[in-house]
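The values are calculated or read from the model by the stated rules, or taken from the named source; none is laboratory data. As the structure is a computational prediction, the values presented were derived from the model and not from experiment. Note that each Cβ is placed from the backbone with ideal geometry, even for glycine, and that neighbours are counted across all protein chains shown.
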Amino acid sequence: MLSLISLSAVWFAFSWAKRASGTPAAFIAAGCCATWYQLVDFGGRALTEVVAAHLLLPGLYLGVYGDRIPERERLILAGAFCGLALSLRIQLMPAVAFALLGFCGTRWQNRILPVGAGLAVPIVVFGIVDWFTWSYPFHSFIRYFWLNAIEGRSKAYGVEPWNWYLLILVETLGPMLVFALVGVRRCLFLGGVALTILVSHSVIGHKEVRFVYPMIPILLTLAAIGIADIAPKVMLCSRPSSGTLIIVGLTVSISASTLLAPQFPYWEKDAAGILAFDQLRNDSSLCGVGLYGQPWYDTGGYTHLHREVPIIPVLDVSGLETNATAFNALIAPAVASDLPRDFRLMQCWNGVCLYKRLGFCTPPRIGSELNAYLQRTNN
């Protein structure tokens, strides 16, 4: 389902580039977004910024184009898609505000109501869901903002300088960023959205590459438009055929993706814990899983384990001895030499191994399970 939703980036690139520059640019943009290594890597992942981006893109298109739909309905849909994106990723608030202003333009008195109504519906729904699943409306939003913006919890995971995202874009997009700067002349609105995302995220201390994922399909679309503009000049041909222009554009974009992808080996990063959990899922004798020297966030959790057994993070040797009877499967580094003797090595993946012992499990100590650990560490 997530992979299916990610196709909105391909649809958006084709549709927007066609309206802005023509059919050749549309095919270049669609092909680029379908093959670009970052979109392939992140596109199907259950990350809020990724899913939010795939919902934001239809909203941007409908807010500006979508002529086949009556204006009122089109603006309601545009607002709804932007509201969904904002509800999943509140850091997109400045970009969504910029987009809504662009949707309304000089006719804001006639357009603000349908845009605002569409925006409000998903946000209200999210707030009501928090009311029932947490303690009060918008509980998760308020706590998230308080912990990270007020208490500075996110800074514990690292702080980067203000220009870090700009340097990352140069490094990960390479020549496509130059082409995007050329293409932005035809799409100032898209350029404004991308710039707003960049600036608003740059002022936040804790930075990760995935946080600015919503910019990537936008910049690639602009890059395709830029390639379509530059290619005839480079080819010394005032009017190359559409087919030739598409082939040249796709060759440039796919070559850039192919050359850049090996520099960022995220494809199997920290996959060992997930592979171990996938194997344990089918183990009928499993009654508990211990994690020793293996971060909980590299395992896939219950999504991959899919078994109603305790997961117990073990922080040191004494904790390993205390909790060893509460699990019969242990994930630990291959170099670990202080494991209980009754645990035997089963299989290893990139230095992380699965160990098992025979027998049953005793009930875990109160507060030792994963959910209690996450609550205790404010995760």
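Where strands (runs of 3 or more DSSP E) fall wholly inside region 290-379, the ranges with 1 or more residues that are of a type in the set (Lys, Arg) are 344-349, 352-356. Given the condition within 26 Å of the chain's Cα centre (by Cα) and either farther than 30 Å from residue 146 by Cα or free of Cβ contacts under 8 Å to residues at least 24 places away in the same chain (or both), answer yes or no: does some residue in region 327-350 qualify? Scanning region 327-350, I find at least one residue that is within 26 Å of the chain's Cα centre (by Cα) and either farther than 30 Å from residue 146 by Cα or free of Cβ contacts under 8 Å to residues at least 24 places away in the same chain (or both), so the answer is yes. Taking the conditions exactly as written (more than 14 Å from residue 7 (Cβ to Cβ), charged (D, E, K, R) and modelled with pLDDT of 95 or more), does residue 49 satisfy them or not? So residue 49 fits the description; yes. Contact map, region 80-102: first residue within 11 Å of residue 122 (Cβ to Cβ), second residue not in a helix (DSSP H, G or I), Cβ cut-off under 9 Å, separation 6 or more or different chains; pairs are 85/214. Tallying residues that are closer than 18 Å to residue 243 by Cα and not in a helix (DSSP H, G or I) within region 7-21 yields 0. Output the number of the condition that residue 360 fails; it satisfies all remaining conditions of (1) over 36 Å from the mean Cα position of the chain (by Cα); (2) under 13 Å from residue 292 (Cα atoms). Unmet condition: (2). For region 269-308, the tally of residues that are touching a strand residue (DSSP E or B) at 6+ places or on another chain (Cβ under 6 Å), of a type in the set (Gly, Ala, Ser) and without any contact (Cβ under 8 Å) to a residue 60 or more places away in the chain stands at 2.
Give region 364-379 a look and list any residue that's in contact (Cβ under 8 Å) with a residue 24 or more places away in the chain and surrounded by 10 or more Cβ atoms within 10 Å (Cβ to Cβ), or say none.
Answer for region 364-379, where residues must be in contact (Cβ under 8 Å) with a residue 24 or more places away in the chain and surrounded by 10 or more Cβ atoms within 10 Å (Cβ to Cβ): 364, 365, 368, 369, 370, 373, 374.
Of a type in the set (Lys, Arg), under 26 Å from residue 124 (Cα atoms) and in contact (Cβ under 8 Å) with a residue 12 or more places away in the chain: does that describe residue 45?
So residue 45 passes the test.
Can you tell me which residue within region 230-246, out of those that are crowded, with 16+ Cβ neighbours inside 10 Å and part of a helix (DSSP H, G or I), is modelled with the lowest pLDDT? Here the answer is 232.
Scanning region 178-200 for residues that are under 20 Å from the mean Cα position of the chain (by Cα) and aliphatic (A, V, I, L, M) yields 190, 193, 194, 195, 197, 198, 199. The one condition from (1) over 18 Å from residue 186 (Cβ atoms); (2) out of contact with any Asp or Glu (no Cβ under 9 Å at 6 or more places or on another chain) that residue 211 does not meet is (2).
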